[in-house]
Amino acid sequence: MSRSADLIALVAALVLAAGPALAGEGLGLGRPALPEEIAAWDIDVRPDGQGLPAGQGSVADGEVLFQERCAACHGEFGEGAGRWPVLAGGQGTLSSERPEKTVGSFWPYASTAFDYVHRAMPFGDAQSLQPDEVYALVAYVLNLNDVVPADFVLSKDNFASVALPNVGAFYDDDRDVAEKAFWKAEPCMTDCKATVEITGHAAVLDVTPEEGEAAQGIE
């Protein structure tokens, strides 16, 4: 028996021997989370505004903050700098070959933007923004996408009234019903098809072998 096998056997024996103690006293690891620790993680925001902190922020204040904290990555007008994400524009592109998924063209709820900025931005300095700053930044991004006017002040009270253009294009995942007919209790694992044929080729690199080449080992 190898050393690793000996070690596994020893650990298994110790676990079995300690079984009654573990069952009676728990694993003896960790401690219950403190209320303030739970509160630090419980910061999600729902589409109806539940979870929002008190506060408000204007488009004008958001523009100043955006230039200071966000423009280096996202561009001065949310157009994206380099390969960083684009935040504005893209309306009407979702069905094209190069869809531009921005807050205005794709995202369903303003709460998605608020939650993400509050939780993860700025990059490398997450959760450094105060609630009023997050409200202001989200207001500015909404304005860049023509969702709210330039004099708009976003707050906890009016947050739920903000509707993004693409909200109606989202729907519940219905694959449990729509694709149920394709499910099989016993999936086929061998000899599932009489013949195997190449039905398409890679369009750009053309890396799919011609028929017969794979079997002959042609590179």
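The values are calculated or read from the model by the stated rules, or taken from the named source; none is laboratory data. What you are looking at is a predicted structure, and each value in this text was computed from that prediction instead of being measured. For neighbour counting, all protein chains shown are included, and Cβ atoms are generated from backbone atoms with ideal geometry for every residue, glycine included.
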Matching entry among Asp206, Asp172 (being of a type outside the set (Phe, Trp, Tyr), out of contact with any His (no Cβ under 7 Å at 6 or more places or on another chain) and modelled with pLDDT of 85 or more): Asp172
Every pair of residues 6+ apart whose Cβ atoms lie under 8 Å, when the first sits in the stretch 24-52 and is surrounded by 10 or more Cβ atoms within 10 Å (Cβ to Cβ) while the second is of a type in the set (Lys, Arg) and part of a loop (DSSP other than H, G, I, E, B): Gly49/Lys156; Leu52/Lys156
Where Tyr140 falls short, out of the listed (1) in contact with an Asp or Glu (Cβ under 9 Å, 6 or more places away or on another chain); (2) over 19 Å from Phe66 (Cβ atoms): (2)
Subset of the stretch 1-52 [modelled with pLDDT of 90 or more and among the acidic types (Asp, Glu)]: Glu36, Glu37, Asp42, Asp44, Asp48
Exclusive hit being more than 15 Å from Val147 (Cα to Cα) and among the hydrophobic types (A, V, I, L, M, F, W, C), set Ala110, Ala88, Ala40: Ala40
Helices (runs of 4 or more DSSP H) wholly inside the stretch 109-187 containing at least 1 residues that are in contact (Cβ under 8 Å) with a residue 24 or more places away in the chain and either out of contact with any helix residue (DSSP H, G or I) (no Cβ under 7 Å at 6 or more places or on another chain) or exposed (fewer than 10 other Cβ atoms within 10 Å of the Cβ) (or both): 110-120, 131-144
Counted residues, the stretch 160-178 - those being more than 23 Å from Gly90 (Cα to Cα) and not charged (D, E, K, R): 3
Among the residues listed as Trp84, Trp107, the single one being of a type in the set (Phe, Trp, Tyr) and more than 18 Å from Asn143 (Cβ to Cβ): Trp84
